[in-house]
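The values are calculated or read from the model by the stated rules, or taken from the named source; none is laboratory data. Not measured: the values here are computed from a predicted model. Because the Cβ atoms are built from the backbone with ideal geometry, glycine has one as well, and the counts that use them run over all protein chains shown. Just the protein is used for accessible areas: all its heavy atoms, side chains included, with ligands, DNA and RNA removed. Shrake-Rupley method; radii C 1.70, N 1.55, O 1.52, S 1.80 Å.
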Amino acid sequence: MVCPISKFIHFAANDCGYTGTCYELITNWVHPLFLKAKCKSSKDDNYNSNWSQAMNGHFKEEYWKAALKEIEMLESMDAWEVVDRDDNNTNVINSIWTFKLKRYPDGMVKKFKAHFCVHGNQQLEGIDFLETYAPVVQWTSVHLMLILEVLLHLKSKQGDVTVAFLHTNLDWEKEKVYVEMPLGFCQNGKVLKLQKTLYGLCQSTRAFWQFLTGAMIKSGMTVSKLDPCMFVGDKVIAVAFVDDILFWSTDFAYINQLDNTLCLHGLLLEQEDDAAGVLVVEMSRTKDGFMEMKQTGLIDRVLDALGLDLKVAMPKFTSAEAKLLHRDEDGEGQQGSFSYASVVSMLLYLAGHTCPDIGYAVNCCAHYTFNPCLSHEKALKRIGHYLKATHDKGLILKPCSKLKVDTFPDADFAGLYGNAKITCSEVIKSRTGFLITVCECPMVWVSKLQTETALSTKEAKIIALAHCCRDLFPIIDIVTFLGKVIGLPTKDLVSMYVSIHEDNTRALVLAKTIPPEFTPRNKYYTIKTVWFQEEIQKRAIKLLKIDSVEQLGDIFTKGLPHVTFENLRMKMMGW
């Protein structure tokens, strides 16, 4: 066998009864991750293989059959009408084929897929499309429903809408869309006059969302005013992330009933397993019946991108050093051994969904994405070492029996001042960090530099409190709404915890008092607090003193010692 991976593969037995070719043996039995690591993956497995690659590769017959199946399906759904090319076709959009080879985890070929798409970037506003905005469900809504699933022992199911964008018809009085004939099926002098939205059109996602909303309303569901992608019924709650729909109910029979009703209204829905795996998040049950959310696959990708040798690399027990990360203008330049921006983007997704314990460290590194130094690369690798040590750990949802919202805002006043050159703009900025929990389960967490310059610890705390309230109030509304829907008491719902240190006791008093007490020294920023002071009074939010060692927001404002870090992580993530 002569190929780039031949030196890595050795046959244990030549005469073992196998009658296939070496090529079939390698492609069907060698794990695809091995092939990717050793020969950068086969061109035949490319996700976006074009027509030329697919039809001139080893699987050209299989891809041709997939293309035939795609065209037959589109024609059976009256997706277009073949018309003559003339002057009325003011803007004919190019079409494109995408092909994908899907495999099972053991490397065996699962199926060949072909998609006929259009170049939406060639559309002209006002001619080919009008409006494009389409909402997707907020992650806070999904997270809240997962908490309620554990708390109330709800049943969950995930549904995938088959050929989602082909459910909707184009309004030819307003939008006229012409597309070039697909490669392999061209006819001279002919173009496609689209009757339905296809993948790639600017208006496809909006049109499908409108269709989905209409089908839900016809099925007896109500659209939430707080999240346009949340639908509430008497016995079922559903959220939609484009063409993936998650259902929750007390009984699978109610979900199946809603599924059948949606099908009657034209929604082709294929039910899958429970909500596990949504948004590339693994969800599993612990021995105690709680839910653990992990992203081990993404962690593996981060470690692979960083080039860490897992057998040699020493694990770290905190995600960031106590020493603050700064611009490091006089430091050594980056080595460029990995894509800094790519790793940061993966870590941001990881920190925002299942790993709040790396939120502070990742945000510090993200500030220097466009001009990183060696010290910033080392900070990213430290996060990688920490993820190696906590690879199999995740965010455990262990809700308490009472429906409540707790908030832990904190701020680090000018933490970089004195540790970096004053010429760096971020040196004089304070850092906001806060955590919002529902039923004592983390729901929203933030770590970021403040956009304005605080002149005192009190002012930094007030700015952090105002930022926190902007996220808190919508969460209170949706928790209250869902609490009434499912019959849970929502009285005395919110308690806000503020870390009290020597000079920010006045911040707590300032937040409680209406009209606000101010002096000429603090008048310029006190006025900005009026809006959330009124909301705190109107919503009867409790502002309570909390000891600094119990302040969960502290983990998002600075690098903490090992013992302190693990103590706060235990209270926040359950391990």
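Points to keep in mind about this one:
- When segment 316-349 is filtered for residues that are in a loop (DSSP other than H, G, I, E, B), in contact with a Ser or Thr (Cβ under 8 Å, 6 or more places away or on another chain) and not charged (D, E, K, R), the ones remaining, listed by number, are L325, G331.
- Checking S499 against (1) open to solvent by 50 Å² or more (accessible area, probe 1.4 Å); (2) modelled with pLDDT under 85, the condition it does not meet: (1)
- The single condition among (1) modelled with pLDDT of 80 or more; (2) surrounded by fewer than 12 Cβ atoms within 10 Å (Cβ to Cβ); (3) at negative phi that Q533 does not meet is (2).
- G214 under 26 Å from M73 (Cα atoms), at pLDDT below 90 and not hydrophobic (A, V, I, L, M, F, W, C): no
- Segment 159-169, residues that are in a strand (DSSP E or B) and open to solvent by 20 Å² or more (accessible area, probe 1.4 Å): D160, N169
- Conditions (1) outside any strand (DSSP E or B); (2) in contact with a Phe, Trp or Tyr (Cβ under 8 Å, 6 or more places away or on another chain); (3) at pLDDT below 85; number of the one not met by I127: (2)
- Candidates S141, S156 - the one that is part of a strand (DSSP E or B), within 30 Å of P399 (Cβ to Cβ) and touching a residue at least 12 places away in the same chain (Cβ under 8 Å): S156
- Residue pairs meeting the criteria (Cβ under 9 Å; at least 6 apart or on separate chains; first on the phi > 0 side of the Ramachandran plot, in segment 415-443; second at pLDDT 90 or above and open to solvent by 40 Å² or more (accessible area, probe 1.4 Å)): C439/K398; E440/K398; E440/K571
- Criterion: farther than 22 Å from Q210 by Cα and assigned to a loop (DSSP other than H, G, I, E, B) - qualifying residue of D86, D78: D86
- Condition met for K393 (crowded, with 16+ Cβ neighbours inside 10 Å, in a helix (DSSP H, G or I) and among the charged types (D, E, K, R)): no
- Among the residues of segment 341-362, none qualifies, meaning not one is open to solvent by 30 Å² or more (accessible area, probe 1.4 Å) and more than 25 Å from the chain's Cα centre (by Cα).
- Residue count for segment 523-547 satisfying the condition of being touching a helix residue (DSSP H, G or I) at 6+ places or on another chain (Cβ under 7 Å) and of a type outside the set (K, R): 8.
- Residues considered: V343, V312. Of these, the only one that is of a type in the set (A, V, I, L, M) and either in contact with a Pro (Cβ under 6 Å, 6 or more places away or on another chain) or modelled with pLDDT under 90 (or both) is V312.
- Segment 400-426, residues that are modelled with pLDDT of 90 or more and open to solvent by 70 Å² or more (accessible area, probe 1.4 Å): F413
- Filtered residues of segment 538-570 (kept if assigned to a helix (DSSP H, G or I) and either touching a Cys at 6+ places or on another chain (Cβ under 7 Å) or surrounded by fewer than 13 Cβ atoms within 10 Å (Cβ to Cβ) (or both)): K538, S548, V549, H562, V563, M570
- The residue of segment 243-256 that is farthest from the chain's Cα centre (by Cα), among those that are over 19 Å from L151 (Cα atoms) and surrounded by fewer than 17 Cβ atoms within 10 Å (Cβ to Cβ), is A253.
- Segment 170-210, residues that are open to solvent by 50 Å² or more (accessible area, probe 1.4 Å), hydroxyl-bearing (S, T, Y) and in contact with a Phe, Trp or Tyr (Cβ under 6 Å, 6 or more places away or on another chain): Y199
- Scanning segment 377-390 for residues that are out of contact with any Ser or Thr (no Cβ under 9 Å at 6 or more places or on another chain) and over 15 Å from D300 (Cα atoms) returns K378, A379.
- Output for segment 141-200, where each listed residue is among the small types (G, A, S) and over 32 Å from the mean Cα position of the chain (by Cα): G184, G189
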